[in-house]
Amino acid sequence: MSVQAVNLSFAACGFLGIYQLGACGAILRHGDKLLGSLRACAGASAGALVAAMVVTAPEKLERVKEFTLRFAKDVRSQRLGAVTPGYDFMLTLRDGIEEFLPSNAHSIAGDRLHISITHSKSGKNSIVSHFASREDLIKVLLASSFVPVYAGIKPVEWKGKKWIDGGFTDGLPVLPEGRTVTVSPFAGHQDICPKHRGLLNLHLRLANMGVMLSKENIVRLNQSLFPPPEARMLQYCEEGHEDAMTFLKKENWIQ
């Protein structure tokens, strides 16, 4: 079965990006039919980082997982987590981005990577898909992950303007051309996501991302900023892998 033009979009989700990395493992190893028709990847916040890895350096998946686990451990070790005075969240994140982005990442990413960011003053969303240099791409990725107060005080400056987390205005970008396959660690109506196990069937729309109102999702939202122990992080990674495999089989895209 041939697959028409497909995009992958990864939700804003903080440290639960580990779930999306697990999903990527399944797609990269078993989703040849999907990858053969993959047009572009999109994302916000941690989802933008996952999308950048898929587009520019899929062979570094394991290294990105290792960094995510190290970063989470580092944050857990701080007395007040990421908001501990003196802790430089954005510097640590930048070091991780530097680890996996190849020197020509900006060229590879042109028109293939779409990153959601929010203008700090107007609150308007922008989707960026053209990057003048590797540093330009890094700045946009950092902007997409900047949660005020949590990650620092000063927003990320790019092209003379100040920007914050894209998850505030479009946490799960859907691209206008082709089918966009959505990936999220929050139970909802995304293509790849955990099953909703709550008794209530209440659906919320948060910055373009549909989530179910449940205790599990509330816990996950908290863990996206205050990462759980490593054993739970690894469970999320495995759950992402399993949910992606279920999706690939359902679509007959398994290889």
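The values are calculated or read from the model by the stated rules, or taken from the named source; none is laboratory data. Source: prediction; values computed, not measured. Here Cβ is always computed from backbone atoms with ideal geometry, including for glycine, and neighbour counts include all displayed protein chains. Each accessible area value is taken on the protein alone, full model and side chains, heavy atoms only, with ligands, DNA and RNA left out. Shrake-Rupley method; radii C 1.70, N 1.55, O 1.52, S 1.80 Å.
Values for this structure:
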| item | result |
| --- | --- |
| Ranking by accessible area, most exposed first, for E177, E239, E59 with a 1.4 Å probe | E59, E177, E239 |
| The range 1-151 - Rg (one decimal) and Dmax (whole number), Cα, Å | 15.4, 55 |
| Ordering of 168-176, 45-53 by burial proxy (mean other Cβ atoms within 10 Å per residue, highest first) | 45-53, 168-176 |
| Local electrostatic count, L8, Cβ distance below 11 Å [Lys/Arg +1, Asp/Glu -1] | +2 |
| Local electrostatic count at S45 - Lys and Arg +1, Asp and Glu -1, tallied over other residues with Cβ under 11 Å | -2 |
| Dipole in debye (nearest 20) - the chain, about Cα centre, beta carbon charges: Lys, Arg +1; Asp, Glu -1 | 500 |
| Integer Hz, Karplus 6.51/-1.76/1.60 couplings in order for the range 126-140, x for Gly and Pro | 9, 10, 9, 9, 10, 9, 6, 7, 4, 4, 4, 4, 4, 4, 5 |
| Over the chain, equivalent-ellipsoid semi-axes from the Cα gyration tensor in Å | 25, 22, 18 |
| Positive dipole terminus of the chain, leading residue within G86, I153, I27 (C-beta point charges) | I153 |
| Estimated inter-spin distance, L213 and S122, nm [label 7 Å along Cα→Cβ] | 3.3 |
| Net charge over other residues, Cβ less than 14 angstrom from the Cβ of N125 (K, R count +1; D, E count -1) | +1 |
| Globularity index of the range 51-117, i.e. its alpha-carbon radius of gyration over 2.2 N^0.38 Å | 1.27 |
| Accessible area expressed per residue, the chain, with surrounding protein chains retained (probe 1.4 Å, Å²) | 45 |
| Rg [Å, one decimal], Dmax [Å, integer] - the range 112-254, C-alpha atoms | 16.7, 49 |
| Of T182, A109, S120, farthest towards positive along the dipole that unit charges on Lys, Arg, Asp, Glu beta carbons give the range 6-246 | S120 |
| Accessible surface, 1.4 Å probe, highest first, among residues I153, I218, I108, I164 | I153, I218, I108, I164 |
| Percent antiparallel among DSSP beta bridges (both partners in the chain, rounded to 5) | 50 |
| Accessible surface ranking that places the most exposed of K161, K33, K154 first, with a 1.4 angstrom probe | K154, K161, K33 |
| Computed over the range 1-66, Kirkwood Rh from alpha-carbon pairs, angstrom | 11.9 |
| Over 26 Å (Cα to Cα) - which of K195/K250; K73/K215; K65/K159; K33/K215 fall in this group | K65/K159; K33/K215 |
